[in-house]
Amino acid sequence: MSGPYRRDELEAAFAAYQEAGATAGRTGDWSAWADHFTEDATYVEHHYGRFEGREAIRAWITATMGSFPGDRMHVFPVDWHVVDDERGWIVCQLQNRMDDPGDGSVHQEANITILHYAGDGMWSYEEDVYNPATFATMLRAWQARVTELAAGQG
C-alpha cells in the first residue's frame with residue numbers, strides 16, 4: 001500500500017459506483033448512485049456547473065437524467081480506468097450512450113471522469129471532462145437517425 005487506501009478497496013468502490021450507475025440507468029432512480037458520495041462531496045460538471053454536497057448532487061443528477069437527453073441514456077460503458085492508489089483517485093473514460101434509435105446503431109460520446117476516494121466506499125469528488133460541441137454533434141446525428149427511422153426512411 002503506497003497511499004491511504006489499498007488498490008483492491010479502490011477497485012471495489014469503483015465497481016460499486018459503476019453498478020449503481022448501471023442500476024440507475026435501468027431504473028431511472030439515481031438516488032442510490034448519489035449515495036456513493038460523501039455528504040460534503042463536490043461534483044464538477046463542465047457544462048452544468050459545480051455542485052456542493054450530496055443532496056445538491058442528487059438533485060442535479062435526478063433532474064438531468066430525468067429530462068432529455070439524459071432520459072435517453074441508460075448505459076455508460078467504461079472504456080478504461082486507471083487507479084492512482086497513492087492519491088486514492090480513479091480516472092476513467094466512459095461513454096454516454098444514447099438509446100438504440102431502432103436500427104442497432106451506436107451513438108455515444110466519451111468523457112473523462114476523475115474520482116477522489118474518501119474511504120468506506122464513498123467518493124468526495126467527481127469531475128467530468130468532455131467537449132460539449134462533440135456531444136452536441138453526436139446528439140444531432142442520433143436525433144436525425146431517430147427521425148429517419150420514424151419516417152420509414154431507414
Legend entry - Residue that is surrounded by the most Cβ atoms within 10 Å (Cβ to Cβ) [pool: residues in region 2-40 that are free of Cβ contacts under 8 Å to residues at least 24 places away in the same chain and in contact with a helix residue (DSSP H, G or I) (Cβ under 9 Å, 6 or more places away or on another chain)]: Ala20
Legend entry - Of all residues in region 46-90 being over 22 Å from Glu9 (Cβ atoms) and charged (D, E, K, R), the one that is most open to solvent (accessible area, probe 1.4 Å): Arg50
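Results for (1) among the β-branched types (Val, Ile, Thr); (2) closer than 25 Å to Ala136 by Cα; (3) modelled with pLDDT of 95 or more, shown as yes or no for each residue.
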{"site": "Asp8", "(1), (2), (3)": "no, no, yes"}
{"site": "Phe14", "(1), (2), (3)": "no, no, yes"}
{"site": "Thr38", "(1), (2), (3)": "yes, no, yes"}
{"site": "Ala63", "(1), (2), (3)": "no, yes, yes"}
{"site": "Cys92", "(1), (2), (3)": "no, yes, yes"}
Inset, instruction - Look through region 75-85, keep the residues that are in a loop (DSSP other than H, G, I, E, B) and at pLDDT 95 or above, and return whichever of them is nearest to the chain's Cα centre (by Cα). - result: Phe76
Inset, instruction - Considering every residue within region 112-135, establish whether at least one is open to solvent by less than 50 Å² (accessible area, probe 1.4 Å), more than 20 Å from Val44 (Cβ to Cβ), in contact with a strand residue (DSSP E or B) (Cβ under 8 Å, 6 or more places away or on another chain) and not in a strand (DSSP E or B). - result: no
Inset, instruction - Under 9 Å between Cβ atoms, at least 6 apart or on separate chains: pull out the pairs that start in region 70-85 with a residue that is β-branched (Val, Ile, Thr) and end on any residue that is open to solvent by 50 Å² or more (accessible area, probe 1.4 Å) and outside any strand (DSSP E or B). - result: Val75/Arg26; Val78/Gln18; Val83/Arg7; Val83/Glu11
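The values are calculated or read from the model by the stated rules, or taken from the named source; none is laboratory data. All values reported here derive from a predicted model rather than from experimental measurement. In this analysis, Cβ positions are derived from the backbone assuming ideal geometry, glycine residues included, and neighbour counts consider all displayed protein chains. Accessible surface areas use protein heavy atoms only, side chains included; no ligands, DNA or RNA. Shrake-Rupley method; radii C 1.70, N 1.55, O 1.52, S 1.80 Å.
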